[in-house]
1. Explain nothing, just the number: relative contact order of the range 71-130, from Cα pairs under 8 Å at least 6 residues apart, as a whole percent.
2. Which of the trypsin sites (Lys or Arg not before Pro) across the range 53-134 are loop residues per DSSP, with 14 or fewer other Cβ within 10 Å?
3. Helix check for the chain. Which DSSP H runs span at least 18 Å along their own axis by Cα, with a mean Kyte-Doolittle hydropathy no less than -0.5?
4. As an exercise, identify the chymotrypsin sites (Phe, Trp or Tyr not before Pro) in the range 1-81 lying in DSSP coil whose Cβ has no more than 13 other Cβ atoms within 10 Å.
5. Using only the Cα atoms of the chain, what are the Rg and Dmax in Å?
6. Using a 1.4 angstrom probe, figure out how much accessible area the range 1-121 has per residue, in square angstrom, rounded to the nearest whole.
7. When the chain is modelled as a GNM with alpha-carbon springs shorter than 10 Å, which of Ile115, Ile74, Ile20 fluctuates the most?
8. Which value at 222 nm does the chain reach when only helices count, each DSSP H run of 4 or more adding -39,500 (n - 2.57), with the total divided by all residues and rounded to the nearest 500 deg cm²/dmol?
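The values are calculated or read from the model by the stated rules, or taken from the named source; none is laboratory data. Remember, predicted model here, so these are calculated numbers, not experimental data. A quick note on method: Cβ atoms are made from the backbone with ideal geometry, for glycine too, and the neighbour counts reach across all protein chains shown. When the accessible area is computed, the model is the full protein with side chains, heavy atoms only, and any ligands, DNA or RNA have been set aside. Shrake-Rupley method; radii C 1.70, N 1.55, O 1.52, S 1.80 Å.
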Amino acid sequence: MAQRFRSKVVAGFLGLFFGILGAHRAYLGKPLAWLYPVLALPLVGHALRAHEWWREPAAFAAGLLFVLAWLETILISLLPAERWDARYNTGLERHSQGSVWSVVIAALALVIGTIMLMSVMALGLETYFETKYGFR
């Protein structure tokens with residue numbers, strides 16, 4: 001089977017918007033691409049059944065998986081074109097080129113991931129201190 005060209009921008013886009021489903025990993029042909037949805041979807045489903053879903057440990061764990069997917073998106077988007085081609089486009093005549101869209105995707109993933117991480121940490125610490133010291 002012939003190897004197909006893999007675009008850094010497409011992989012970054014998939015990671016940014018569908019990373020929790022493992023779409024970026026599937027696009028890159030990485031093993032265990034199915035691991036994200038198998039872990040995240042039951043966690044999200046369990047958390048959403050609770051009255052205060054944002055206080056559920058399952059929501060905390062799912063949030064960390066979102067952050068991990070966005071971290072991979074940042075790493076994918078900022079990988080230099082030469083290293084990208086050596087890793088994903090070996091032996092192809094077509095080569096990747098630097099793109100402003102890769103940087104935009106990385107910046108969006110950084111902003112969204114930082115907001116999500118801060119939210120997950122704040123809710124997790126709030127829940128911890130409420131249970132430990134009886135605040136409410």
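1. Working: 29 pairs, mean separation 25.4, N = 60.
So the answer I get is 42 percent.
2. Values: sites: Arg55, Arg83, Arg87, Arg94, Lys132; in loops: Arg94.
Listed in order of number, the matching sites are Arg94.
3. Working: long enough: 35-48 (20 Å, 1.64); 57-78 (32 Å, 1.94); 100-133 (49 Å, 1.48).
Helix filter hits for the chain: 35-48, 57-78, 100-133.
4. Working: sites: Phe5, Phe13, Phe17, Phe18, Tyr27, Trp34, Trp53, Trp54, Phe60, Phe66, Trp70; in loops: Phe5, Trp34.
In loop regions of the range 1-81 (DSSP not H, G, I, E or B), the sparsely surrounded chymotrypsin sites (Phe, Trp or Tyr not before Pro) are Phe5, Trp34.
5. Reported Rg and Dmax, both Å: 17.9, 64.
6. Working: 7320 Å² over 121 residues.
Accessible area per residue: 60 Å².
7. Taking springs between Cα atoms under 10 Å, the residue moving most is Ile115.
8. Details: 6 runs with 94 residues, N = 136.
-23000 deg cm²/dmol, from helical runs alone.
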